[in-house]
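Let me begin by presenting the structure, written as C-alpha coordinates, before commenting on it.
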(Lines give C-alpha, C1' and ligand atoms only; values in the text may rest on other atoms or scores of the structure.)
Protein backbone atom coordinates (compact mmCIF):
# COMPACT_ATOMS: atom_id res chain seq x y z
CA UNK A 1 0.00 0.00 0.00
CA UNK A 2 2.85 2.40 0.86
CA UNK A 3 4.48 1.72 -2.51
CA UNK A 4 1.20 2.46 -4.28
CA UNK A 5 0.81 5.81 -2.46
CA UNK A 6 4.42 6.69 -3.27
CA UNK A 7 3.77 5.83 -6.95
CA UNK A 8 0.68 8.09 -7.07
CA UNK A 9 2.60 10.94 -5.47
CA UNK A 10 5.43 10.53 -7.95
CA UNK A 11 3.00 10.39 -10.86
CA UNK A 12 1.22 13.51 -9.53
CA UNK A 13 4.51 15.37 -9.22
CA UNK A 14 5.50 14.44 -12.78
CA UNK A 15 2.12 15.58 -14.14
CA UNK A 16 2.38 18.84 -12.21
CA UNK A 17 5.90 19.48 -13.51
CA UNK A 18 4.81 18.81 -17.10
CA UNK A 19 1.82 21.14 -16.83
CA UNK A 20 3.92 23.96 -15.33
CA UNK A 21 6.51 23.62 -18.10
CA UNK A 22 3.79 24.37 -20.68
CA UNK A 23 2.50 27.53 -18.94
CA UNK A 24 2.68 30.96 -20.46
CA UNK A 25 5.78 32.99 -19.79
CA UNK A 26 5.44 36.73 -19.20
CA UNK A 27 6.91 39.02 -21.80
CA UNK A 28 10.38 40.34 -20.97
CA UNK A 29 12.26 43.12 -22.73
CA UNK A 30 16.01 43.56 -22.78
CA UNK A 31 17.24 46.82 -24.28
CA UNK A 32 20.14 46.82 -26.66
CA UNK A 33 21.73 50.24 -26.97
CA UNK A 34 21.76 50.46 -30.72
CA UNK A 35 24.15 52.99 -32.21
CA UNK A 36 22.79 56.36 -33.23
CA UNK A 37 20.30 56.38 -30.32
CA UNK A 38 17.86 53.91 -31.93
CA UNK A 39 17.10 51.21 -29.37
CA UNK A 40 16.55 47.55 -30.14
CA UNK A 41 14.00 45.80 -27.92
CA UNK A 42 15.05 42.16 -27.50
CA UNK A 43 11.92 40.21 -26.55
CA UNK A 44 11.36 36.93 -24.75
CA UNK A 45 8.24 35.16 -23.50
CA UNK A 46 5.55 32.90 -24.84
CA UNK A 47 3.05 35.41 -26.26
CA UNK A 48 2.51 37.07 -29.61
CA UNK A 49 3.05 40.81 -30.13
CA UNK A 50 -0.23 42.59 -30.88
CA UNK A 51 0.87 46.23 -30.43
CA UNK A 52 4.19 47.90 -29.64
CA UNK A 53 4.39 51.59 -28.67
CA UNK A 54 7.16 54.02 -27.72
CA UNK A 55 5.94 57.15 -25.90
CA UNK A 56 7.44 60.65 -25.66
CA UNK A 57 8.78 61.99 -22.34
CA UNK A 58 5.60 64.10 -21.96
CA UNK A 59 3.43 60.97 -21.80
CA UNK A 60 4.43 60.40 -18.17
CA UNK A 61 3.12 63.76 -16.98
CA UNK A 62 0.59 64.98 -19.54
CA UNK A 63 -1.31 61.93 -20.82
CA UNK A 64 -5.08 62.30 -20.59
CA UNK A 65 -5.83 58.55 -20.65
CA UNK A 66 -3.94 55.24 -20.62
CA UNK A 67 -2.21 54.76 -23.98
CA UNK A 68 -2.84 58.39 -25.00
CA UNK A 69 -2.13 58.41 -28.75
CA UNK A 70 -1.14 62.09 -28.64
CA UNK A 71 2.15 61.05 -27.00
CA UNK A 72 2.92 57.93 -29.09
CA UNK A 73 6.13 58.60 -31.01
CA UNK A 74 6.08 55.23 -32.74
CA UNK A 75 3.38 52.57 -32.73
CA UNK A 76 3.04 49.38 -34.72
CA UNK A 77 0.30 46.75 -34.69
CA UNK A 78 -0.24 43.33 -36.22
CA UNK A 79 -1.48 43.88 -39.78
CA UNK A 80 -3.98 41.01 -39.60
CA UNK A 81 -5.61 42.27 -36.39
CA UNK A 82 -5.01 42.13 -32.67
CA UNK A 83 -4.93 38.33 -32.39
CA UNK A 84 -2.74 37.74 -35.44
CA UNK A 85 0.59 38.99 -34.12
CA UNK A 86 3.87 37.15 -34.55
CA UNK A 87 5.01 34.89 -31.72
CA UNK A 88 7.83 36.46 -29.72
CA UNK A 89 9.96 33.36 -30.30
CA UNK A 90 9.69 34.00 -34.07
CA UNK A 91 9.96 37.80 -33.89
CA UNK A 92 12.95 38.00 -31.54
CA UNK A 93 13.42 41.76 -31.41
CA UNK A 94 12.01 45.07 -32.60
CA UNK A 95 14.26 47.95 -33.64
CA UNK A 96 12.86 51.45 -33.10
CA UNK A 97 11.55 52.77 -36.40
CA UNK A 98 11.83 49.46 -38.29
CA UNK A 99 8.44 47.87 -38.98
CA UNK A 100 8.72 44.06 -38.80
CA UNK A 101 7.09 41.85 -41.40
CA UNK A 102 3.44 41.23 -40.51
CA UNK A 103 3.02 44.66 -38.86
CA UNK A 104 1.86 48.11 -39.93
CA UNK A 105 2.96 51.47 -38.58
CA UNK A 106 0.18 53.43 -36.90
CA UNK A 107 2.19 56.38 -35.52
CA UNK A 108 3.42 58.35 -37.26
CA UNK A 109 1.02 57.66 -40.10
CA UNK A 110 3.80 58.18 -42.64
CA UNK A 111 7.57 58.31 -42.57
CA UNK A 112 10.07 57.57 -39.85
CA UNK A 113 9.43 58.30 -36.19
CA UNK A 114 11.32 61.19 -34.62
CA UNK A 115 14.81 60.41 -33.34
CA UNK A 116 15.18 59.91 -29.61
CA UNK A 117 16.98 62.78 -27.88
CA UNK A 118 19.99 62.57 -25.59
CA UNK A 119 19.07 62.92 -21.89
CA UNK A 120 15.33 62.37 -22.40
CA UNK A 121 13.37 59.56 -20.75
CA UNK A 122 10.92 57.54 -22.85
CA UNK A 123 8.48 54.77 -22.03
CA UNK A 124 7.44 51.77 -24.09
CA UNK A 125 4.85 49.03 -23.92
CA UNK A 126 4.59 45.65 -25.62
CA UNK A 127 0.97 44.47 -25.72
CA UNK A 128 0.81 40.72 -26.23
CA UNK A 129 -1.74 37.96 -26.60
CA UNK A 130 -1.48 34.57 -24.86
CA UNK A 131 0.84 35.99 -22.17
CA UNK A 132 1.18 39.15 -20.07
CA UNK A 133 2.72 42.14 -21.87
CA UNK A 134 5.58 44.30 -20.64
CA UNK A 135 6.64 47.91 -20.45
CA UNK A 136 9.51 49.97 -19.23
CA UNK A 137 11.58 53.11 -19.54
CA UNK A 138 14.67 54.02 -21.50
CA UNK A 139 16.97 56.98 -21.70
CA UNK A 140 19.52 58.08 -24.25
CA UNK A 141 23.00 58.39 -22.72
CA UNK A 142 26.20 58.86 -24.70
CA UNK A 143 24.25 58.23 -27.92
CA UNK A 144 23.03 54.83 -26.67
CA UNK A 145 19.65 53.67 -25.38
CA UNK A 146 19.88 52.37 -21.82
CA UNK A 147 17.19 51.05 -19.47
CA UNK A 148 16.16 53.39 -16.66
CA UNK A 149 13.46 53.76 -14.05
CA UNK A 150 10.39 55.87 -14.46
CA UNK A 151 7.02 56.68 -13.04
CA UNK A 152 3.58 56.85 -14.52
CA UNK A 153 1.42 57.95 -15.84
CA UNK A 154 -1.12 56.82 -13.27
CA UNK A 155 -4.88 57.14 -13.66
CA UNK A 156 -7.86 56.84 -11.40
CA UNK A 157 -11.43 56.25 -12.48
CA UNK A 158 -13.60 59.14 -11.27
CA UNK A 159 -17.23 59.44 -12.32
CA UNK A 160 -16.64 57.01 -15.17
CA UNK A 161 -13.67 58.96 -16.55
CA UNK A 162 -9.94 58.20 -16.35
CA UNK A 163 -8.13 61.07 -14.58
CA UNK A 164 -4.36 61.60 -14.35
CA UNK A 165 -3.25 61.39 -10.69
CA UNK A 166 0.15 61.36 -8.95
CA UNK A 167 1.60 57.86 -8.92
CA UNK A 168 2.06 56.11 -5.58
CA UNK A 169 5.62 55.95 -4.27
CA UNK A 170 7.61 53.09 -5.77
CA UNK A 171 5.40 52.79 -8.87
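The values are calculated or read from the model by the stated rules, or taken from the named source; none is laboratory data. None of the values given here were measured: they were computed from a predicted structure. Every residue, glycine among them, receives a Cβ derived from its backbone with ideal geometry; neighbour counts consider all protein chains shown.
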Members of region 50-67 that are more than 18 Å from residue 137 (Cα to Cα) and crowded, with 16+ Cβ neighbours inside 10 Å
50
Matching residues, region 153-163, being in contact with a strand residue (DSSP E or B) (Cβ under 8 Å, 6 or more places away or on another chain) and either at pLDDT below 80 or farther than 22 Å from residue 136 by Cβ (or both):
156, 157, 163
Can you name the condition, by its number, that residue 120 falls short on among (1) under 16 Å from the mean Cα position of the chain (by Cα); (2) closer than 15 Å to residue 59 by Cβ?
(1)
Which condition number in (1) out of contact with any strand residue (DSSP E or B) (no Cβ under 9 Å at 6 or more places or on another chain); (2) farther than 23 Å from residue 32 by Cα; (3) modelled with pLDDT of 95 or more is the one that residue 101 fails?
(2)
Pull up region 68-100, narrow it to residues that are assigned to a loop (DSSP other than H, G, I, E, B) and touching a helix residue (DSSP H, G or I) at 6+ places or on another chain (Cβ under 9 Å), then point me to the one that is surrounded by the most Cβ atoms within 10 Å (Cβ to Cβ).
85
Looking at (1) modelled with pLDDT of 90 or more; (2) buried (at least 17 other Cβ atoms within 10 Å of the Cβ); (3) touching a helix residue (DSSP H, G or I) at 6+ places or on another chain (Cβ under 8 Å); (4) within 19 Å of residue 58 (Cβ to Cβ), can you tell me which one residue 115 breaks?
(2)
Take the conditions touching a residue at least 60 places away in the same chain (Cβ under 8 Å) and over 11 Å from the mean Cα position of the chain (by Cα) and apply them to residue 150. Does it pass?
yes
Could you tell me how many of the residues in region 136-163 are touching a helix residue (DSSP H, G or I) at 6+ places or on another chain (Cβ under 8 Å) and not in a loop (DSSP other than H, G, I, E, B)?
3
Whether any residue in region 102-114 is within 19 Å of the chain's Cα centre (by Cα), part of a loop (DSSP other than H, G, I, E, B) and closer than 30 Å to residue 23 by Cα is what I want to check.
yes
Reported set for region 1-33 where residues are outside any helix (DSSP H, G or I) and modelled with pLDDT under 65 is 1, 22
For residue 36, indicate whether it is at positive phi, assigned to a loop (DSSP other than H, G, I, E, B) and either at pLDDT below 95 or within 11 Å of the chain's Cα centre (by Cα) (or both).
no
Would you mention how many residues in region 118-142 are exposed (fewer than 13 other Cβ atoms within 10 Å of the Cβ) and on the phi > 0 side of the Ramachandran plot?
2
